[in-house]
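Structure first, then comments.
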Amino acid sequence: MDLFIQLTLTGLTNGAILALAALGFVLIYKSSDVINFAQGEFLLVGAYVIFGMVAQFGLHWTLGMFLTVIVAVALGVMVERLVLRPMIGEPIISVIMVTIGLSSLLKAIVFTIWGNLPKAFPSFIPSEPVKILGATIGEDRLWAIVIAIAMLGLFNFFFRRSKEGIAMRAVADDQQAALSMGISVKKIFAWAWSIAAATAAIGGALLANIVGVSGDVAHFGLRVFPVVILGGLDSVPGAIIGGIIIGLLEQYTGGYIGQGLNQVLPFVVLIFILMVRPYGLFGQEIIERV
Amino acid sequence: MISGIFHSTYEKDMALRRTHAQKIRLVLIVIFILVFPFLANRYYLTLANQVGIAVIGAIGLNILVGYTGQISLGQGGFMAVGAYTAGILTARMGMPWWASTIVACFATALVGTVFGIPSLRLKGLYLAIATLAAQEIILWAVKNWDALTGGVDALVVPNPELFGIRMNTDFNFYWLVWILVVIVTIASVNLFRTHFGRAFIAIRDQDIAASVMGVDLFKYKLLAFAVSSFLVGLAGALTAHYRSIVTWERFTVDVSVTYLAMIIIGGLGSITGSYLGATFMTLLPVVLTNLGRAVKTSFPVIDSIIPFVQQGMFGLVIILFLILEPEGLNKIWKNIKDYFRLWPFSY
């Protein structure tokens, strides 16, 4: 039973961070129909920038987090303006490939600045083990859950109440109708990319605190795909629930079955979901079939 | 002064080489391939062999992505299937290299077809993600199925032998690779003059229309996966025989991405483009490394960041090509030809 609670808590933290990364992913897909293969690199940028702010410049972590988000927003706007804007109307393979190229470029820039060796990162969030229901878990993991839930709540509020959030949902729903209502679609695309970059950067910062700063953070981004396919590519609640399911699934298989099976299971789930229900648990059923 | 190429007979229209210039170029290229190994040193021969293997892999991927329009991010995984099948059959069961290569091609075709099944229901983005999953699953199997693949340890493969000559030098291997490249080229150029090839192109251009005109999508999509994987498996098997060593690191998702970059930069749906792209992407990191070495003495800091510069340039080249010349090197080559043909009245 202790093991079960332990695995559940670890799975929930991983799931919460995955959900943050997946949220940005879904946002971009929803508003601009672009699959962002560079989402993992946005995590990486977040992890290294906060490392630079906190460990190298010695800032307090709240301030560091704030600055990281600003850097991420600037990055998102820049990427949208310089790389994605010229790709509007191009075939899908070009759009996929341009984000892959972007991922390579971002990784190279990060490694040129900081090197690709794993960095020792003095945890900025306290990480003393805490006992809950007999299971031991690092305090930082609990903080990760709290911050992730707070972020997700914030975004929910943003989408339901703020003007930009509502405009973004309108664009996701129907671009032409949104345009005729006076919404600037270009501005909304920039919003989507900057929010995606910001959520990913926060996820990356949390991840850096838990597992340390290294190139592996980007690999974490690959696991976003099973999450979004499971939840549905265009569903925000799907991203959150998908993230938690995949996070838990990985921990349970790793804990009870083992043998590294947890690394491949999400992808097996992915193929299975694509075969039986390609639009995922909560996605819209408009997948094109031939 | 000609304003374009016009044909007055069907024979001429169906011909692979239509103009005198094309025929002369072909002869020059063949002469170059034949003479090159006698002039080049070992270093250039190594590069030539790498380019040859990449050309085979790129043509294979182009048949699937460029001609049939099915996006695949599973190239690395499929190459791993080819390499490990060839390696295991040769190293553990003592099968001759040519037999193991043929078996590897068919095994990869089979695996490729199985992972191509989702393509019947999925298109575009979804297919890209499904093949990405295939890549991850295959690589995981390679790393964890210790009894078969040796897990994360390297698999040592004996050098191939042909007519009593051991292919343990780059010079000997050059002939093996480039003869296969020529065969693959002739086969794939001709593939698109048959009804199979035309069906592939019809599926790419408009699948519903193709279906209406009687192209069996189920059959031809899977066939495209099979043909493509067959060639990719050949490239994988050649990698195994050439390197004498098979490790999983050589077949990660980065390999899939590199091959996709080759055909996009070269030109989708073009055999010439596969050649240009494979050459370009194989030589780019080499040129960058040499450039880095050349300026190392004046800028010592360069040395430590060369790998990252390579990676960054890789990404930058992809982005720039997609934004500035989406049809790739093949289009640039065509533009150059047009410019000179129509000179001085080019428009």
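Points to keep in mind about this one:
- Hey, A:LEU105 without any contact (Cβ under 8 Å) to a residue 24 or more places away in the chain and either surrounded by fewer than 19 Cβ atoms within 10 Å (Cβ to Cβ) or not in a loop (DSSP other than H, G, I, E, B) (or both) or not: yes
- Positions within region B:205-231 being closer than 17 Å to B:THR194 by Cβ and away from chain A (no Cβ under 14 Å), in sequence order: B:GLY214, B:LEU223, B:ALA226, B:VAL227, B:SER228, B:PHE230, B:LEU231
- Of residues in region B:285-301 being under 18 Å from A:ILE109 (Cα atoms) and within 14 Å of chain A (Cβ to nearest Cβ), the one modelled with the lowest pLDDT: B:VAL301
- All positions within region A:15-31 that are farther than 21 Å from B:VAL253 by Cβ and surrounded by fewer than 24 Cβ atoms within 10 Å (Cβ to Cβ): A:LYS30
- Test: residue in region A:192-212 that is touching a Pro at 6+ places or on another chain (Cβ under 8 Å) and within 20 Å of A:LEU43 (Cα to Cα): yes
- Looking across region B:283-301 at every residue that is free of Cβ contacts under 8 Å to residues at least 40 places away in the same chain and of a type in the set (Val, Ile, Thr), the one that is farthest from A:SER103 (Cα to Cα) is identified as B:THR297.
- Single unsatisfied condition, B:ILE271 versus (1) away from chain A (no Cβ under 14 Å); (2) touching a residue at least 12 places away in the same chain (Cβ under 8 Å); (3) over 25 Å from B:VAL189 (Cα atoms): (3)
- Residue within region B:294-301 that is charged (D, E, K, R) and part of a helix (DSSP H, G or I) present: no
- Filter pass, B:ALA235 being among the small types (Gly, Ala, Ser), more than 12 Å from every other protein chain (Cβ to nearest Cβ), more than 23 Å from A:VAL98 (Cα to Cα) and in contact with a strand residue (DSSP E or B) (Cβ under 6 Å, 6 or more places away or on another chain): no
- Within region B:50-62, the presence of a residue that is farther than 20 Å from B:GLY116 by Cβ and without any contact (Cβ under 8 Å) to a residue 24 or more places away in the chain is excluded.
- For region B:1-72, the helices (runs of 4 or more DSSP H) that sit wholly inside it and include 2 or more residues that are of a type in the set (Gly, Ala, Ser) are B:42-62.
- Only one of A:THR99, A:THR68 that is in a helix (DSSP H, G or I) and more than 10 Å from chain B (Cβ to nearest Cβ): A:THR68
- Inspection of region A:54-75 finds a residue satisfying the criterion of being surrounded by 18 or more Cβ atoms within 10 Å (Cβ to Cβ) and polar (S, T, N, Q).
Here's the yes/no breakdown for (1) acidic (Asp, Glu); (2) under 30 Å from A:GLU90 (Cα atoms); (3) touching a residue at least 12 places away in the same chain (Cβ under 8 Å); (4) away from every other protein chain (no Cβ under 14 Å):
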| site | (1), (2), (3), (4) |
| --- | --- |
| B:LEU276 | no, yes, yes, yes |
| B:MET281 | no, yes, yes, no |
| B:ASP303 | yes, no, no, no |
| B:LEU320 | no, yes, no, no |
| B:TYR339 | no, yes, no, yes |
| B:PRO344 | no, no, no, yes |
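- Residue match in region A:113-133 (condition: assigned to a helix (DSSP H, G or I) and within 14 Å of chain B (Cβ to nearest Cβ)): yes
- Residues of region B:222-245 that turn out to be over 19 Å from the mean Cα position of the chain (by Cα) and surrounded by 21 or more Cβ atoms within 10 Å (Cβ to Cβ), as a count: 0
- Among the residues making up region A:237-285, those that are within 13 Å of another protein chain (Cβ to nearest Cβ), closer than 23 Å to B:PRO118 by Cβ and small (Gly, Ala, Ser) are A:GLY280, A:GLY283.
- A:LEU82 vs. criteria surrounded by 21 or more Cβ atoms within 10 Å (Cβ to Cβ), within 14 Å of chain B (Cβ to nearest Cβ), within 30 Å of B:GLY66 (Cα to Cα) and modelled with pLDDT of 85 or more: no
- Residue count for region B:117-164, restricted to those that are within 12 Å of chain A (Cβ to nearest Cβ) and not hydrophobic (A, V, I, L, M, F, W, C): 13.
- Count of residues meeting criterion [in a loop (DSSP other than H, G, I, E, B) and free of Cβ contacts under 8 Å to residues at least 40 places away in the same chain] in region B:182-208: 2
- Total residues in region A:29-54 satisfying the condition of being at pLDDT below 85, among the β-branched types (Val, Ile, Thr) and assigned to a helix (DSSP H, G or I): the figure is 1.
- Exactly one residue among B:ALA83, B:ALA48, B:ALA40, B:ALA58 is away from chain A (no Cβ under 13 Å), of a type in the set (A, V, I, L, M) and under 22 Å from B:PHE192 (Cα atoms), and that residue is B:ALA58.
- Residues located in region B:1-13, provided they are modelled with pLDDT of 75 or more and out of contact with any helix residue (DSSP H, G or I) (no Cβ under 7 Å at 6 or more places or on another chain): B:PHE6, B:SER8, B:THR9, B:TYR10, B:GLU11, B:LYS12, B:ASP13
The values are calculated or read from the model by the stated rules, or taken from the named source; none is laboratory data. As the structure is a computational prediction, the values presented were derived from the model and not from experiment. Here Cβ is always computed from backbone atoms with ideal geometry, including for glycine, and neighbour counts include all displayed protein chains.
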